[in-house]
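Let me begin by presenting the structure, written as structure tokens, before commenting on it.
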Amino acid sequence: MDFKVLRGTLKKELLTKYRAYPMDFFIGNVLTGFYTILGAYMMYKLLFERNMNSSFANLTGTSDYLSYVLVGSLTYLFLVRTCLNVSRSLITELREGTLESLMLAPFRRVEYFLGNMLVQTLTTTMEVMISVLVAIPFGISFQYIHIGSFLLAIVVALYSFFGISMVLGCVMLFTRDTYISQNTLFAFVFLVCGITFPSEYLPAWLRTIADFIPITGVVTLIRNSVLLGKGISEQSTIWINTLLISTVYVLIGFILMQKCEEVALEKIHS
Amino acid sequence: MIIAEHLAKNFQVKVGKGIFREKKSIEAVKDISLQIEKGKIVGLLGINGAGKTTTIKMLTTLLAPSAGTYFMDDMDAVKYPMEIKKRINMIAGGERMIYWRLTAYENLWYYGQIYNVPNSILKQRIEELLALVGLEGKQNIPVETFSKGMKQRLQIARGLINDPEYLFLDEPTIGLDAVVSKELRSHIKFLAQEKNKGILLTSHYMREIEELCDYIYILNDGCLIKQGTARELAADTFNRRNYILKLYEQSDDILARLDHNLRQYDPTTEVSGDGDCISINSSENISLELSRLCTQEGLFIREMYEKEPELEDTIIKLSKEVSA
């Protein structure tokens, strides 16, 4: 692997972010985390507290809906932040007039996207950590957390987010759209991947679709590690499934990206 | 050496309005063959949407040709674009291709990284390039505060960051002031003559092309219509001679007499007055007859010379011919 491209992209993105969006952007993102937590808390207090069906506990292994929804919301926040940066990287280059000079250079795309991913992982980790601190007074519980399993779940989550970002990036570059594609995807993920309620409540056909989105597995893995204290071996099937589905996304993303780059450059000139 | 033969490029575009738009194929480049030797500067001129930019994009591997072959030093450029990218670079006019949030130094450093320039030489190269384009004192200022000319100068430095063997220059002096343009032109010459780089240049400034280019290709409507040196192109396009005559005394009567007498040597001769100049256009070499006629008529010659057609005249004439 060529670490020069990764390092260069990391530095370029950090400098650009720092200069383009100073402190207020960071504060804005932290506030988004706060509002997400507040929304989840109010949903719990106003709708579900003392109204939880026993099937919820049977399906999730916990009756602590508040922690369930907070972990789901924070994972979703991490997904949105990471995917946005990576998937929009090339279309941003296109809009800023640097896509051609970038495409002229003989570098492999994987390091470029990883550099972008790393920047967003660093900034989002800080934002989510602050959000987690904010979530503690609201009642999130970490008493059963399995640290090893949780850390592995984070690595798998990043891999999965990377795969989804690549596919989303292809759609964005092909259609030259960011808002419709990203918002459609995120709304769909929010509804079907078990962010605020178990996907088992969904109709069978929608559940099948959810199973082919790695976020469903990622959210389950993180919840199982944080809320239920499940270890790595106890969740082996979910690990393997999530990794396999994520790999499919990564491969599709890289195969399509080459084609989408060609299409984007042709569209500029035609 | 770059050898491109019968390059063509078709684009699929959607025409009309609404969701169900019709697809249409456009031939941006129909048939272009050209060669670029190392150490030479080749000009690419075009008349109204001729396909210059599309040709450059194909030669820089940004666009894949729809047909034709393209070899760079015997390597198939269509088949191995990544290898070709290592040996080329492009400088386009305008303010694109650089990151506005970064400083000049950071821009060049980043491009150095993605071109895999060894860090041991990158710092020195950046400093040399910044000095070349006159930005050495501005290297730590974000590009967004630069003037248009400064951005263009930085773009030139970016295009040289990988020390390319072949350089594609698409209107490189647009937006530059006269001093920097002149320096850049001498550097382009230096790159070709001393560093043995093959250069393809497009420009709207005909004098720039005339001054720099060893060979020129003229495109129209996606096809190559003329090629040669500036002198060859002019000779090929203009089969008539132009003389400029300046006399100490000039009147309509003198013009009429000259016109009448010169038509005896060449019936197609045209004589016209323009300020203190008399312009004579003939299909024959009539310089001797003209000076003899002036002596016979008692006209005192202040200045007389044959005006060689400039590249601009060639392009204007060709443009008129193709649109006729």
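The values are calculated or read from the model by the stated rules, or taken from the named source; none is laboratory data. If you're wondering where the values come from, they're calculated on a predicted model, not measured in any experiment. Cβ placement follows ideal geometry from the backbone for every residue including glycine, while neighbour counts extend to all protein chains displayed. Just so you know, the surface numbers come from the protein's heavy atoms only, side chains and all, with ligands and any DNA or RNA stripped out. Shrake-Rupley method; radii C 1.70, N 1.55, O 1.52, S 1.80 Å.
A few notes on this one:
- Residue list for region B:51-70, filter: under 13 Å from the mean Cα position of the chain (by Cα) and closer than 16 Å to residue B:221 by Cβ: B:52, B:53
- Within region B:294-324, the only residue that satisfies the criterion of being under 17 Å from the mean Cα position of the chain (by Cα) and free of Cβ contacts under 8 Å to residues at least 24 places away in the same chain is B:316.
- Residue B:28 vs. criteria under 18 Å from residue A:105 (Cβ atoms), among the aliphatic types (A, V, I, L, M) and within 11 Å of another protein chain (Cβ to nearest Cβ): no
- Qualifying position, being assigned to a helix (DSSP H, G or I), open to solvent by 10 Å² or more (accessible area, probe 1.4 Å) and in contact (Cβ under 8 Å) with a residue 40 or more places away in the chain, among B:123, B:189, B:182: B:189
- Residue match in region A:107-120 (condition: crowded, with 18+ Cβ neighbours inside 10 Å, not in a helix (DSSP H, G or I) and not aromatic (Phe, Trp, Tyr)): no
- For region A:158-270, the helices (runs of 4 or more DSSP H) that sit wholly inside it and include 1 or more residues that are surrounded by fewer than 18 Cβ atoms within 10 Å (Cβ to Cβ) and in contact with a strand residue (DSSP E or B) (Cβ under 8 Å, 6 or more places away or on another chain) are A:236-269.
- Every pair of residues 6+ apart whose Cβ atoms lie under 7 Å, when the first sits in region A:242-270 and is away from every other protein chain (no Cβ under 14 Å) while the second is crowded, with 20+ Cβ neighbours inside 10 Å and among the hydroxyl-bearing types (Ser, Thr, Tyr): A:242/A:160; A:246/A:160
- Within region B:57-86, the set of residues being open to solvent by 50 Å² or more (accessible area, probe 1.4 Å), facing another protein chain (nearest Cβ under 10 Å) and in contact with an Asp or Glu (Cβ under 8 Å, 6 or more places away or on another chain) comprises just one member, B:64.
- Meets criteria (part of a helix (DSSP H, G or I), within 14 Å of chain B (Cβ to nearest Cβ) and either among the charged types (D, E, K, R) or surrounded by 14 or more Cβ atoms within 10 Å (Cβ to Cβ) (or both)) for residue A:30: no
- Among the numbered conditions (1) of a type in the set (Phe, Trp, Tyr); (2) open to solvent by 10 Å² or more (accessible area, probe 1.4 Å); (3) more than 10 Å from chain A (Cβ to nearest Cβ), the only one that residue B:166 does not meet is (2).
- From B:291, B:279, B:283, residue being of a type in the set (Gly, Ala, Ser), modelled with pLDDT of 85 or more and within 33 Å of the chain's Cα centre (by Cα): B:279
- Pairs where the first residue, in region A:169-187, is under 14 Å from residue A:253 (Cβ atoms) and the second is outside any helix (DSSP H, G or I), C-beta under 6 Å, 6+ apart: A:172/A:178
- Annotation: of all residues in region B:131-148 being in contact with a helix residue (DSSP H, G or I) (Cβ under 8 Å, 6 or more places away or on another chain) and part of a helix (DSSP H, G or I), the one that is surrounded by the most Cβ atoms within 10 Å (Cβ to Cβ) is B:143.
- Checked across region A:121-135, the condition of being among the acidic types (Asp, Glu) and at pLDDT below 85 holds for at least one residue.
- Residue within region B:91-112 that is open to solvent by less than 20 Å² (accessible area, probe 1.4 Å), part of a helix (DSSP H, G or I), within 30 Å of residue B:74 (Cα to Cα) and within 11 Å of chain A (Cβ to nearest Cβ) present: yes
- Against the test of being out of contact with any Ser or Thr (no Cβ under 7 Å at 6 or more places or on another chain), at pLDDT 85 or above and farther than 30 Å from residue B:134 by Cβ, the options B:229, B:202 yield a single qualifying residue, B:229.
- Selected residue (criterion: farthest from residue B:193 (Cα to Cα)) from residues of region B:207-256 that are open to solvent by 70 Å² or more (accessible area, probe 1.4 Å) and aromatic (Phe, Trp, Tyr): B:248
- Picking from residues in region B:37-56 that are assigned to a loop (DSSP other than H, G, I, E, B) and either under 23 Å from residue B:319 (Cβ atoms) or in contact with an Asp or Glu (Cβ under 6 Å, 6 or more places away or on another chain) (or both), the one that is farthest from the other protein chains (Cβ to nearest Cβ) is B:40.
- Screening the candidates A:92, A:82, A:62 for the property of being assigned to a helix (DSSP H, G or I), hydroxyl-bearing (Ser, Thr, Tyr) and open to solvent by 10 Å² or more (accessible area, probe 1.4 Å) yields one hit, A:92.
- Odd one out for residue B:151 among (1) part of a helix (DSSP H, G or I); (2) of a type in the set (D, E, K, R); (3) under 22 Å from residue B:212 (Cα atoms): (3)
- Among the criteria (1) assigned to a helix (DSSP H, G or I); (2) within 13 Å of chain A (Cβ to nearest Cβ), the one residue B:128 does not fulfil is (2).
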